[in-house]
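One structure is given here, and the rest of the page talks about it.
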Amino acid sequence: MGVNISTIQLGGCSGCHVSILDIGKELFRGEINIVHSYLLMDKVTATIEAESDILIIEGAILTNRDEKLIKLMAPHAKKVVAVGSCACFGGIACLGNLGTPFRPQKEDFDEPGHKLHPLICSPKAFINVDYFIPGCPPPADVIRDVLFALIEGKPVPEFAHTVCDECDRERKGEPPPIPPGGKWKTLLDKAPDSRKCFLEQGYLCLGRQTIGGCKASCIKANMPCEGCRGPIFLFRGFKKFTDEEKGEILRCLK
Amino acid sequence: MSKVIKIDNVARIEGHASVTLYLDKNGAVEKVEYLATEPSRGFDIFLKGKHASEVPRLAARICGICYTAHNICACKALEDAWETPIPDSARKIRELLLFANTVASHALHSFFLAAPGLLVEGASTIADLSNKYPDFLEAGMELRMIGQKISEIIAGRKVHTTISVPGGVLGILEQEKQDEVMRLLDSTGKSMKIMNDYFHRILFNRKEYMLSFGRIESHFLSLKQRKRLELYDSPLELLMKNGKVDILTPAQILERITEEEKEYSYVRHPHITDLGSENGQFRVGPLARIQNAGWDNPAFHEFRKNFGPLTQSTMGYDVARVTEMFECIRGMKDIINSGLDKDMKNVAHPREGMGVSVVEAPRGILLHQYETDNAGIIRKARVIAPTTFHQGSIERSIFEAAKTVLNGKKGVCSDEDKIKIEQVIRAYDPCMSCAGATQLRVIKKPI
């Protein structure tokens with residue numbers, strides 16, 4: 001009895017681990033055994049190849065070590081769950097690819113150790129990921145729902161709606177495609193009206209394109225959506241990335 | 001015959017680090033290297049060319065634990081560059097967020113990361129403690145959740161709170177929300193007492209260990225503390241080993257430090273230039289803040305009674321953290337009682353300039369520096385995180401701790417010994433994701 005869980009942080013900020021801890025007491029229920037986690041237990045090196053039912057990955061592939069580590073760990077896990085935008089599609093970590101002058105040379109890459117990876121990317125480039133939970137970080141409730149569905153063998157909840165669907169601000173109709181006056185307002189300007197749609201006020205809000213499930217929490221605090229959970233068409237909830245969808249995305253990109 | 005001992009993947013810290021111990025032929029520790037094995041995620045590089053309005057929320061992503069400090073420090077640096085004042089209530093909201101984040105971060109560290117090794121020898125996770133000390137786990141969970149919930153009430157989300165923007169904050173804290181925060185704060189009494197009792201029991205039972213394990217001599221740098229805990233805005237105070245005090249501005253501290261490059265680590269080792277690389281090391285964080293404080297708080301007086309007015313004890317960090325949580329809760333209550341209005345945001349007008357700012361993150365002094373052009377585009381970004389300041393001190397503390405642990409072992413270091421040595425690293429609560437946020441360098445020595 002019991003479910004063995006491994007967690008691993010690659011190149012990231014620990015924020016997703018903090019969000020997992022935000023689940024609270026339920027995480028320390030009897031049936032969950034944490035068999036490998038650098039943040040929660042000792043003997044990290046000895047337990048890397050421990051057999052687990054669920055492997056939780058946070059962060060993007062930042063170093064050669066990260067690539068080796070997930071290739072080593074993934075075969076020992078029955079299900080692999082990518083938690084957070086970095087693990088799902090690169091996120092903030094992938095912005096590091098912009099620093100071209102600092103890219104390592106070919107000869108650095110061949111050396112052993114913790115060299116920077118030639119291309120920072122999501123772990124799905126190297127291993128098979130079963131479930132994606134995007135967000136920066138994903139809200140604790142969303143992680144809990146997915147995690148406990150997996151533990152109890154129930155269907156994993158999917159999100160097919162956007163942040164805009166969850167937002168309860170006043171909206172006149174379709175938001176104007178071009179902001180009033182032709183120029184977006186920025187967060188340096190005065191604070192937006194907390195009742196009206198950001199787009200109609202001329203502030204750039206990504207809620208219309210962004211996958212929901214966060215209960216529009218930033219918008220409720222008067223912060224326009226920054227799209228941290230990724231574009232809706234890319235993931236269609238937490239469903240596995242199927243070939244059919246890949247084809248659709250490629251069509252869109254063309 | 002000399003020997004090399006490696007501790008790969010230091011456990012229960014944020015981010016990745018390793019330790020290499022060099023022993024001489026008699027098994028005595030000769031040299032220690034503390035390796036940050038996580039290279040920079042290149043924040044200074046990709047922030048260049050971005051519009052300043054994007055910077056605070058990107059900066060928050062440097063760290064998943066002290067995101068609030070990064071978010072607010074970035075705003076403060078830009079406001080410094082453009083000489084933008086912020087409304088009084090916005091300042092109060094920022095302080096509330098910093099206090100709430102500090103409570104959550106200290107609770108995470110004290111209960112989940114540090115306590116298992118301190119309370120029960122050989123315990124590896126907080127779950128191992130739950131059979132013997134069920135109330136301890138409960139209290140830890142509750143205090144951490146209260147910190148996170150207050151962040152959620154104010155900023156809409158628990159992690160990566162990004163409502164601070166140059167010129168103020170975006171949200172308004174209505175009366176109902178203030179009452180809710182107050183209710184949460186009033187409910188902390190029991191858990192705080194349980195936590196304080198446990199840590200003082202550790203201190204009482206293992207006094208010699210707490211006072212001398214990994215003890216080193218260093219200077220201390222923090223914001224000047226007044227009658228209450230100051231995390232947001234105050235001059236910098238450099239407390240020298242000999243008790244002499246220097247008051248500095250953020251720009252002055254940048255002039256006085258050198259960031260030394262080590263061939264084995266991704267993170268530089270800063271020190272005060274004119275005092276040299278060993279003698280010029282200084283520590284930041286809870287222990288530094290408590291040294292020059294005059295808080296009116298029973299927990300603080302108890303700390304002073306146990307540790308004295310100027311303590312160099314490294315393990316004192318763990319007790320200082322607990323003491324500080326009392327002060328955070330008091331600080332939040334004071335702010336809410338002082339009243340908040342609806343004026344939260346001034347318009348920020350970008351112009352050409354350079355700004356430096358400092359706030360107290362949970363782990364200590366955090367420094368952000370930005371240079372913008374007159375359209376608000378970032379030309380240069382620089383971040384020095386608290387753990388960066390600690391690199392040299394951590395190394396010296398490991399050296400002292402390893403000397404104690406390996407004494408008489410003739411160069412044999414068992415897994416249990418390694419775990420004991422790791423405990424001293426944990427006292428600093430290092431966050432390697434922060435330390436390596438900027439200034440990537442290619443290291444020559446393979447790790």
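A few notes on this one:
Let's see how each residue does on (1) of a type in the set (Ser, Thr, Tyr); (2) within 7 Å of another protein chain (Cβ to nearest Cβ); (3) touching a Pro at 6+ places or on another chain (Cβ under 9 Å); (4) assigned to a loop (DSSP other than H, G, I, E, B):
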residue: A:18; (1), (2), (3), (4): no, yes, yes, no
residue: A:43; (1), (2), (3), (4): no, yes, no, yes
residue: A:69; (1), (2), (3), (4): no, no, no, no
residue: A:93; (1), (2), (3), (4): no, yes, no, no
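- Residue, nearest to the other protein chains (Cβ to nearest Cβ), within the stretch A:153-196, restricted to residues that are in contact with a helix residue (DSSP H, G or I) (Cβ under 6 Å, 6 or more places away or on another chain) and touching a residue at least 60 places away in the same chain (Cβ under 8 Å): A:162
- Residue match in the stretch B:61-68 (condition: of a type outside the set (Phe, Trp, Tyr), surrounded by fewer than 24 Cβ atoms within 10 Å (Cβ to Cβ) and either within 30 Å of residue B:420 (Cα to Cα) or at the interface with chain A (Cβ under 9 Å from one of its Cβ atoms) (or both)): no
This table checks each residue for (1) out of contact with any helix residue (DSSP H, G or I) (no Cβ under 7 Å at 6 or more places or on another chain); (2) buried (at least 24 other Cβ atoms within 10 Å of the Cβ); (3) away from chain A (no Cβ under 14 Å); (4) not in a strand (DSSP E or B).
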site	(1), (2), (3), (4)
B:342	yes, no, no, yes
B:390	yes, yes, yes, yes
B:408	yes, no, yes, yes
B:418	yes, no, no, yes
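- Test: residue in the stretch B:38-54 that is within 14 Å of another protein chain (Cβ to nearest Cβ), under 30 Å from residue A:32 (Cα atoms) and modelled with pLDDT under 90: yes
- Filtered residues of the stretch B:344-378 (kept if part of a loop (DSSP other than H, G, I, E, B) and more than 18 Å from residue B:223 (Cα to Cα)): B:344, B:346, B:347, B:348, B:349, B:350, B:351, B:352, B:373, B:374, B:375, B:376
- Only one entry in A:230, A:207 is within 14 Å of chain B (Cβ to nearest Cβ), modelled with pLDDT under 90 and surrounded by 18 or more Cβ atoms within 10 Å (Cβ to Cβ), namely A:207.
- In the set (1) closer than 25 Å to residue A:121 by Cα; (2) assigned to a helix (DSSP H, G or I), residue A:27 fails one condition alone, (1).
Table: residues versus (1) of a type in the set (Phe, Trp, Tyr); (2) over 30 Å from residue B:128 (Cβ atoms); (3) within 14 Å of chain A (Cβ to nearest Cβ).
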{"residue": "B:145", "(1), (2), (3)": "no, no, yes"}
{"residue": "B:166", "(1), (2), (3)": "no, yes, yes"}
{"residue": "B:179", "(1), (2), (3)": "no, yes, no"}
{"residue": "B:183", "(1), (2), (3)": "no, yes, no"}
{"residue": "B:203", "(1), (2), (3)": "no, no, no"}
{"residue": "B:212", "(1), (2), (3)": "no, no, no"}
{"residue": "B:232", "(1), (2), (3)": "yes, yes, no"}
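- Scanning the stretch B:131-140 for residues that are within 17 Å of residue B:197 (Cβ to Cβ) and of a type outside the set (D, E, K, R) gives B:133, B:134, B:136, B:137, B:139, B:140.
- Of the numbered criteria (1) facing chain B (nearest Cβ under 7 Å); (2) within 19 Å of residue B:129 (Cα to Cα); (3) of a type in the set (S, T, N, Q), the one residue A:33 fails is (1).
- The numbered conditions (1) under 30 Å from residue A:132 (Cα atoms); (2) assigned to a loop (DSSP other than H, G, I, E, B); (3) of a type in the set (D, E, K, R) are all true for residue A:165 except (2).
- Just one residue in the set B:98, B:78 is within 23 Å of residue B:228 (Cβ to Cβ) and either modelled with pLDDT of 95 or more or of a type in the set (Asp, Glu) (or both); that residue is B:98.
- Residues that are over 20 Å from the mean Cα position of the chain (by Cα) number at least 2 in the following strands (runs of 3 or more DSSP E) confined to the stretch B:238-305: B:245-248, B:257-260.
- Restricted to the stretch B:6-28, and to residues there that are under 23 Å from residue B:114 (Cβ atoms) and of a type in the set (A, V, I, L, M, F, W, C), the residue that is surrounded by the most Cβ atoms within 10 Å (Cβ to Cβ) is B:17.
- For the stretch B:1-30, the tally of residues that are assigned to a strand (DSSP E or B) and free of Cβ contacts under 8 Å to residues at least 60 places away in the same chain stands at 4.
The values are calculated or read from the model by the stated rules, or taken from the named source; none is laboratory data. Because the structure is predicted, anything quoted here is derived from the model rather than measured. Glycine gets a Cβ as well: all are built from the backbone with ideal geometry, and neighbour counts include every protein chain shown.
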